[in-house]
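Below you'll find the structure, written out as structure tokens, and then a few comments.
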Amino acid sequence: MPSRPNRQILLAARPEGRLEERHFRSTVGTVGDPGPGQLLCRTILLSIDPANRAWMHGPTYRDQVEAGQVMSGFTLAEVVGQNGAGIPNGAIVACEAGWQEYAVLRADRVRPIEVRGMLTHHASVLGVTGLTAYFGLLSIGRPTKGETVVVSAAAGATGNVVGQLARIHGARVVGITGSDDKNRLLERDLAFDATVNHRSATLRKDLAARCPRGIDVYFDNVGGRVLETVLPLMNLHGRVVCCGAVSQYDTANPAPGPGGVPGLLVVKRLRMEGFIVLDLVAEWPEAEAKLAAWVASGELKVLEDVVDGLDAAPAALIGLLAGDNVGKRLVRVAADPK
């Protein structure tokens, strides 16, 4: 079969400061047939994540994205061709196809999906985002009934799920966002007990007022000033779940670590732990089933922010870094299979 056109978004240049649309370039390449043990995958949904920006800085848990490469990204795709790979055409797979319409991938680099309800849910609450919230909160934070859990970027993709899972497990939940509108949504629609705006000039006073019994678990998605504000309010033997540091990604000069470390960690006997959800793949099926059950029961509400068209991906990421999303931001690259 002849090669087919393949629209792609490349990283045109590594940003030194804030990310701008000029750092990306749209092109039309080609994609051929899969080789032995490979699949041809058609991208349906593209996940937009703060980690996309971190991957441009340098090597992390994966290779750095270099100028001239297809921008990396997690995707949900349909198998439209295969060569002895054991996964049939029409299967839906989670994979890292990047910012492009088609990709040829090894079969062992994709994860077949048992579709449960809306396909978008498998790129949000039932995908890497929801699993990150699940394992970070329940395996590291380990909240118990009546404890106070604080989560930053609480209206974001991971944060809103963290808060809801903490509520489901009987904790008191306080969310931090940069918008009063987002805070009203969290309290009204997702049953957060309280919220604060991190743009407030009296952030520490506001947070202390909403956490009168201190903070037992802090799920940190932003780092920087917010983390520095939370640490003195932590209770003895509190747990800090280090998931991300989005406040530091889109800058040429990341701020130094928060004051009080390691002093506060020692005095308050805090545990501060980072994690990568990709290390826990063997446990994903059980977690996904639990998340799906909470969604089906209505205990866990789904927040998604879907924009249309591959060319919208650069602006979608820039907007995400500026905090203009509510819930999981996705780019729809193609229609769902019929």
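In table form, for the structure just shown:
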| read-out | value |
| --- | --- |
| For Asn83, residues with placed amide H under 5 Å, excluding near neighbours | Gly37, Gln38 |
| The chain: most fluctuating residue of Asp250, Asp216, Asp180 per GNM, C-alpha cutoff 10 Å | Asp180 |
| Alpha-carbon centroids, the stretch 230-273 and the stretch 314-338: separation in whole Å | 29 |
| The stretch 171-194 and the stretch 1-55: distance between their alpha carbon centers, rounded to Å | 35 |
| Net lengthening on full extension, Asp324/Val306 (0.36 nm per residue, minus Cα-Cα) | 5.2 nm |
| Carbon/sulfur fraction of accessible area - the stretch 102-197, other protein chains in place, 1.4 Å, % | 46 |
| Cα-based Rg / Dmax (Å) for the stretch 284-338 | 14.2, 36 |
| Proximal charge balance of Leu190 [Cβ under 9 Å; K/R count +1, D/E count -1] | +1 |
| Mean ellipticity per residue at 222 nm, deg cm²/dmol - from DSSP H runs of n ≥ 4 across the chain, formula -39500 (n - 2.57) | -7000 deg cm²/dmol |
| Computed lengthening from Thr30 to Glu16, 0.36 nm per intervening residue step minus Cα-Cα distance | 2.0 nm |
| Global form of the stretch 185-338, assessed from the alpha-carbon gyration tensor, a/c cut-off 1.5 | prolate |
| Residue-count net charge about Ala171 - beta-carbon cut-off 15 Å; Lys, Arg +1, Asp, Glu -1 | +3 |
| Whole-Hz couplings from phi, Karplus 6.51/-1.76/1.60, listed for the stretch 233-247; x for Gly and Pro | 8, 6, 7, 4, 6, x, 10, 10, 8, 8, 9, x, 9, 4, 5 |
| Long pairs among Lys145/Lys205; Lys145/Lys268; Lys290/Lys328; Lys205/Lys328, criterion Cα-Cα beyond 27 Å | Lys205/Lys328 |
| Order of exposure, largest accessible area first, which applies to Arg7, Arg332, Arg109 with probe 1.4 Å | Arg109, Arg7, Arg332 |
| For the stretch 142-237, Kirkwood radius (reciprocal of mean inverse C-alpha pair distance, Å) | 12.8 |
| The stretch 219-337, relative contact order [Cα under 8 Å, separation at least 6], % | 21 |
| The stretch 173-286 - accessible surface per residue (Å², probe 1.4 Å) | 50 |
| Span from the the stretch 64-99 Cα centroid across to the the stretch 107-139 one, whole angstrom | 15 |
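The values are calculated or read from the model by the stated rules, or taken from the named source; none is laboratory data. Small disclaimer: the values here were computed from a predicted structure and weren't measured. Positions of Cβ are backbone-derived with ideal geometry, glycine not excepted, and every protein chain shown enters the neighbour counts. Quick note on the areas: whole protein, heavy atoms, side chains included, nothing else; ligands and nucleic acids left out. Shrake-Rupley method; radii C 1.70, N 1.55, O 1.52, S 1.80 Å.
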